[in-house]
1. Just checking, does the range 316-336 include any residue being at pLDDT below 65 and surrounded by 10 or more Cβ atoms within 10 Å (Cβ to Cβ)?
2. Output the number of residues of the range 74-94 satisfying the condition of being without any contact (Cβ under 8 Å) to a residue 24 or more places away in the chain and in a strand (DSSP E or B).
3. From the list 226, 195, 165, 207, which one is in a strand (DSSP E or B) and touching a helix residue (DSSP H, G or I) at 6+ places or on another chain (Cβ under 8 Å)?
4. Could you tell me which numbered condition residue 95 fails, if it satisfies all but one of (1) in contact with a helix residue (DSSP H, G or I) (Cβ under 8 Å, 6 or more places away or on another chain); (2) at positive phi?
5. Across the range 90-123, what is the total count of residues that are within 20 Å of residue 165 (Cβ to Cβ) and touching a strand residue (DSSP E or B) at 6+ places or on another chain (Cβ under 7 Å)?
6. Given the condition surrounded by 15 or more Cβ atoms within 10 Å (Cβ to Cβ), in contact with a helix residue (DSSP H, G or I) (Cβ under 9 Å, 6 or more places away or on another chain), at pLDDT below 75 and not in a helix (DSSP H, G or I), answer yes or no: does some residue in the range 244-267 qualify?
7. Among the residues of the range 9-33, count how many are more than 22 Å from residue 46 (Cα to Cα) and not in a strand (DSSP E or B).
8. Out of the range 135-162, which residues are assigned to a strand (DSSP E or B), touching a helix residue (DSSP H, G or I) at 6+ places or on another chain (Cβ under 9 Å) and closer than 24 Å to residue 112 by Cβ?
């Protein structure tokens, strides 16, 4: 008929009669009159952090554990941060919680999750805890990046490089990241027709960077794909208005014209065109053969022209020399002696000089 229960210093007894909470038993020996076995005592340790029982609301409302527990009663829009003995214990959503303060130093912070963003200096510690994954969405923005944040489909802010966390459940958060570094876009395999009806295949390269992240993400669905499309249209417009010879002879001018056209279109997407270049021009096989023959003929004509110029210059020089010799007989004699000297170097030569008439005849004979 009598029951005996001992509660130690680090314990508390939760006494129930007929399955209803009646009182809290403090440390010591307790005798209970229970002839019908209707009394039940649940012994819990206050060295644990949490008071876990299905009748927590009744026990808290009774006030019998006042001063020994820290009660955390969170509404639907509230979240709780808990530290125990200076160490982060976890993140908790709506509900009723009780923590023992007998053997532990407990610190509780209640936050309004309707604010959306959790901005704290100790954010890395909070996010590292396993309870954060269920209640917080983490956003990591790397160096040279920005992110566009939308809340319930509406643009909220631009996130700079850093680490961010947003509460789940009360609003829908969406982020899109943009790389601000210079990027390269290959515009490859474009089949184009020139003004003189020559079909060619062209590969181009566009270097660009994002200067307005909001425009880049809101004006078009995919700014890189939009730039690719505009580059295709610009190539068709410019190449289609040029003849093949003019295009091949001045590709840099055509590239500058294309860059200016694409730059104006890209500004509407928040992009800056750094450079535009034509990488490869691929002609059909028969057109290659024709151009090779044309080039070969041009080079042959240029070589023949140079030869004729040299021959003309040589003949003109000889004619000038002849006129000089004709007007100066002494100079002519000196020239003759130079020739004789060259001949004498290679063979024995006897020269007999006599009267003027004899000398003239000998020179004529030679």
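1. No, the range 316-336 contains no residue that is at pLDDT below 65 and surrounded by 10 or more Cβ atoms within 10 Å (Cβ to Cβ).
2. So the count comes out to 1.
3. 165
4. The one condition residue 95 does not meet is (1).
5. The initial filter retains those residues of the range 90-123 that are within 20 Å of residue 165 (Cβ to Cβ), namely 90-94, 107-123.
Filter once more, keeping what is touching a strand residue (DSSP E or B) at 6+ places or on another chain (Cβ under 7 Å): 90-94, 107-113, 116-118, 123.
Final tally of qualifying residues: 16.
6. no
7. Matching residues across the range 9-33 total 2.
8. The answer is 136, 138, 147, 155, 158.
The values are calculated or read from the model by the stated rules, or taken from the named source; none is laboratory data. The structure displayed is predicted, hence computed values, not measured ones. A quick note on method: Cβ atoms are made from the backbone with ideal geometry, for glycine too, and the neighbour counts reach across all protein chains shown.
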